[in-house]
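Trainee: Can you keep this structure in mind? I'll have questions shortly.
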Amino acid sequence: MKALIQRVRSASVDIEDQRQGEIGPGILLLLGVEKSDTEASADKLLQKVLNYRIFADTEGKMNLNLQQREGGLLIVSQFTLVADTAKGLRPGFSKGAPPAQGEALYDYFVRQARTLHPDIATGQFGANMQVSLVNDGPVTFILES
């Protein structure tokens, strides 16, 4: 399971010109699910996301995590994140989870996030989404379980 996280001042996701979810300061998380992923890998990744120290403390150093910052978490599914780009000029998706597995693990990840953090917003699995963000920094990391 892979997550591309971006520290944001704000982020939102729209589907067919309708706002699906939005947050203020916090993390925009693009989530990719691979065939080999399980609920255990989702749990491991979620703990990493919630506790990853990417927010500035009073001295301006990245020492605070999302929970300490009390920021929002916008979770958006993105199967292209697990693409194999090593060869050729077209991405390969053989590592990606089939849609049913991907959706089940995405839903599980969101449910678990909601039990552990108060400010969660989401996109919609499999939808054509328009994601907007104001990247803070910019600060962007790829996390894997």
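Trainee: Identify all residues within segment 77-120 that are in contact with a Pro (Cβ under 9 Å, 6 or more places away or on another chain) and polar (S, T, N, Q); write none if there are none.
Mentor: 80, 85, listed by residue number.
Trainee: Could you please give the count of residues in segment 96-145 that are farther than 19 Å from residue 13 by Cβ, of a type in the set (Val, Ile, Thr) and in contact (Cβ under 8 Å) with a residue 60 or more places away in the chain?
Mentor: Summing the residues that are farther than 19 Å from residue 13 by Cβ, of a type in the set (Val, Ile, Thr) and in contact (Cβ under 8 Å) with a residue 60 or more places away in the chain in segment 96-145 gives 2.
Trainee: Please report, ordered by residue number, the strands (runs of 3 or more DSSP E) entirely within segment 1-110 with at least 2 residues that are closer than 24 Å to residue 128 by Cα.
Mentor: Result: 2-15, 18-23, 26-32, 72-77.
Trainee: Just one of (1) touching a strand residue (DSSP E or B) at 6+ places or on another chain (Cβ under 9 Å); (2) modelled with pLDDT of 95 or more; (3) surrounded by 14 or more Cβ atoms within 10 Å (Cβ to Cβ); (4) closer than 21 Å to residue 142 by Cβ trips up residue 63, so point out which.
Mentor: (3)
Trainee: Considering segment 69-90 alone, what residues qualify as being farther than 15 Å from residue 24 by Cα and within 18 Å of the chain's Cα centre (by Cα)?
Mentor: 76, 77, 78, 79, 80, 81, 82, 83 - these are the residues of segment 69-90 that are farther than 15 Å from residue 24 by Cα and within 18 Å of the chain's Cα centre (by Cα).
Trainee: Something else now. Across segment 111-129, what is the number of residues that are in a helix (DSSP H, G or I) and under 12 Å from the mean Cα position of the chain (by Cα)?
Mentor: Result for segment 111-129: 1.
Trainee: So, one more: Output the number of the condition that residue 138 fails; it satisfies all remaining conditions of (1) within 16 Å of residue 22 (Cα to Cα); (2) in a strand (DSSP E or B).
Mentor: Going through the list (1) within 16 Å of residue 22 (Cα to Cα); (2) in a strand (DSSP E or B), residue 138 breaks only (1).
Trainee: Return the residue satisfying two criteria in turn: it lies in segment 22-60 and is among the small types (Gly, Ala, Ser) and surrounded by fewer than 21 Cβ atoms within 10 Å (Cβ to Cβ), and of such residues it is farthest from residue 71 (Cα to Cα).
Mentor: The residue in question is 36.
The values are calculated or read from the model by the stated rules, or taken from the named source; none is laboratory data. None of the values given here were measured: they were computed from a predicted structure. Note that we place each Cβ from the backbone using ideal geometry, even for glycine, and neighbour counts take in every protein chain shown.
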